[in-house]
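One structure is given here, and the rest of the page talks about it.
The values are calculated or read from the model by the stated rules, or taken from the named source; none is laboratory data. Here the structure is a predicted model, which is why all the values come from computation and not from measurement. A quick note on method: Cβ atoms are made from the backbone with ideal geometry, for glycine too, and the neighbour counts reach across all protein chains shown.
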Amino acid sequence: MTTAVKPGQDGPLTGVRVVELAGIGPGPFAAMLLGDLGADVVRVDRPGGPGIGIDPARDLTNRNKRSVVVDLKAADGPARVLDLAERADILIEGYRPGVAERLGVGPEHCHARNPRLVYGRMTGWGQDGPLAPRAGHDVAYIAVTGALGMIGRPDEPPPVPANLLGDYAGGSLYLVVGVLAALHHARATGTGQVVDAAIVDGAAHLSAMIHGMLAAGGWQDRRAANLLDGGCPYYGTYETADGRYIAVGALEEQFYDEFLRLLGLAEEDGARTDWTRWGELREKIAARFKARTRDEWTALFEGSDACVAPVLSLREAPHHPHLAARGTFVSHSGITQPAPAPRFSATPAAVRGGPALPGAHTESVARDWAVPALHDPPAADGD
């Protein structure tokens, strides 16, 4: 049995209905965020599931959602999705360009039934351009935008930042901003529209400040040579005596001075703006950090404005005193997970339900959305 989701109980998006056509990566995360904020998200799963290789009961990107199963290749499949789209405010799909149209659930099909619908399209390359029909994944998308090329040491290949930078930052978050902006427009005018959210566009947009610095001569177009890319000795990471790491971000002069004082290198205060001394300063800082453990350094810098923090693992992070005090992580359905973000003073969001198992909410969605055609035998109704 899956935990029941109670639609419309929490969050600023209470009352907003979202249809998510099942996929992998940034689309599900974007729909999860909308669900976290209170939207009633109905995920349309395909028979057999998307095949991401993890237990659906632990796929947190499906929390705060309900699920129905529809075979879009069946004769009546598209009609079932269009019935949902007719009653929805937002629809999200992540197919390659043209696939939704061929399946009979593209923007024209949906808008014929619901002109106010916001139709959100999530892809890597976008809906047009020479690479639009090609396959791809996060690492390729951020590679061509210049974002990946900024990361890492100059004598090593750029490291892959999981799929956080492309899929989720450049993809999901831009899709959410886009569909909410379009929803505002639809409610003001009665007219929906298509939102083309491409990871290449979002990842490029994230580098706006860097491009400004590059144009102004304040950024070198190579790795580990700049203030924010590891080239600066007082903005980066250092290994400690126990093989763990400390992060340093002492950019401003007063923070830099505090950092050097506590580290025992106050005599190096003049090296902050003298980049010719950065190599020597980095070696001295590295040697100091190697003298004590990560936790010893954490205790030393605690309560200071030196902008120093321990580099924690995924399992360690929920136990950090600050994150624990804020409730940044919560436990739900037996899984420790990030709490909904951001926070709202009047309409707080919450984890209302665990990961939606495919087809588990057919009965409740059919009832609440008044879509009788969804009445196929559910896999397991958790309501």
Check: Being assigned to a strand (DSSP E or B), aromatic (Phe, Trp, Tyr), in contact with a strand residue (DSSP E or B) (Cβ under 7 Å, 6 or more places away or on another chain) and under 19 Å from Gly230 (Cα atoms), is that true of even one residue in region 244-253?
Finding: yes
Margin query: Here are the criteria: (1) out of contact with any Lys or Arg (no Cβ under 7 Å at 6 or more places or on another chain); (2) without any contact (Cβ under 8 Å) to a residue 40 or more places away in the chain. Tell me which single one Val118 does not satisfy.
Written below: (2)
Check: Do we have Arg261 as touching a helix residue (DSSP H, G or I) at 6+ places or on another chain (Cβ under 8 Å), among the basic types (Lys, Arg), farther than 21 Å from Pro159 by Cα and assigned to a helix (DSSP H, G or I) here?
Finding: no
Next item on the list: Collect the residues in region 134-151 that are part of a loop (DSSP other than H, G, I, E, B) and either out of contact with any Pro (no Cβ under 7 Å at 6 or more places or on another chain) or within 20 Å of Val195 (Cβ to Cβ) (or both), keeping them in residue-number order.
Entry: Arg134, Ala135, Gly136, His137, Thr145, Gly146, Ala147
Note to self: surrounded by fewer than 16 Cβ atoms within 10 Å (Cβ to Cβ) and more than 28 Å from Gly236 (Cβ to Cβ): which single residue out of Gly178, Gly120, Gly129 fits that description?
What the structure shows: Gly129
Notebook entry, point to check: Mind checking which residues of region 25-56 are outside any helix (DSSP H, G or I), at pLDDT 95 or above and not charged (D, E, K, R)?
Noted result: Leu37, Gly38, Ala39, Val41, Val42, Val44
Note to self: Only one of Ala79, Ala88 is of a type in the set (Gly, Ala, Ser), buried (at least 24 other Cβ atoms within 10 Å of the Cβ) and either within 18 Å of Ala182 (Cβ to Cβ) or in contact (Cβ under 8 Å) with a residue 60 or more places away in the chain (or both). Can you tell me which?
What the structure shows: Ala88
Next item on the list: Could you tell me whether any residue of region 308-319 is under 29 Å from the mean Cα position of the chain (by Cα) and among the acidic types (Asp, Glu)?
Entry: yes
Checklist line | Criterion violated by Ala299 - all others in (1) surrounded by 13 or more Cβ atoms within 10 Å (Cβ to Cβ); (2) out of contact with any helix residue (DSSP H, G or I) (no Cβ under 6 Å at 6 or more places or on another chain); (3) outside any loop (DSSP other than H, G, I, E, B) satisfied | finding: (1)
Next item on the list: Kindly indicate whether any position in region 242-252 is within 19 Å of Ala287 (Cβ to Cβ), over 26 Å from the mean Cα position of the chain (by Cα) and exposed (fewer than 15 other Cβ atoms within 10 Å of the Cβ).
Entry: yes
Margin query: If a residue must be out of contact with any helix residue (DSSP H, G or I) (no Cβ under 7 Å at 6 or more places or on another chain) and not in a helix (DSSP H, G or I), how many such residues does region 267-296 contain?
Written below: 6
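Residue-wise test of (1) touching a residue at least 12 places away in the same chain (Cβ under 8 Å); (2) part of a helix (DSSP H, G or I).
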position	(1), (2)
Pro97	yes, no
Glu101	no, yes
Cys110	yes, yes
Ala132	yes, no
Next item on the list: Could you tell me whether any residue of region 136-144 is within 23 Å of Gly38 (Cβ to Cβ) and either in contact with a helix residue (DSSP H, G or I) (Cβ under 9 Å, 6 or more places away or on another chain) or touching a residue at least 24 places away in the same chain (Cβ under 8 Å) (or both)?
Entry: no
Margin query: Among the residues in region 191-212, are any in contact (Cβ under 8 Å) with a residue 12 or more places away in the chain, at positive phi and part of a loop (DSSP other than H, G, I, E, B)?
Written below: no
Next item on the list: Check Ala30 against each of (1) farther than 18 Å from Thr123 by Cβ; (2) among the hydrophobic types (A, V, I, L, M, F, W, C); (3) in contact with a Gly (Cβ under 9 Å, 6 or more places away or on another chain); (4) in contact (Cβ under 8 Å) with a residue 40 or more places away in the chain and name the one condition it does not meet.
Entry: (1)
Note to self: Going residue by residue through region 54-67, is there one that turns out to be among the hydroxyl-bearing types (Ser, Thr, Tyr), under 20 Å from Trp369 (Cβ atoms) and crowded, with 21+ Cβ neighbours inside 10 Å?
What the structure shows: yes
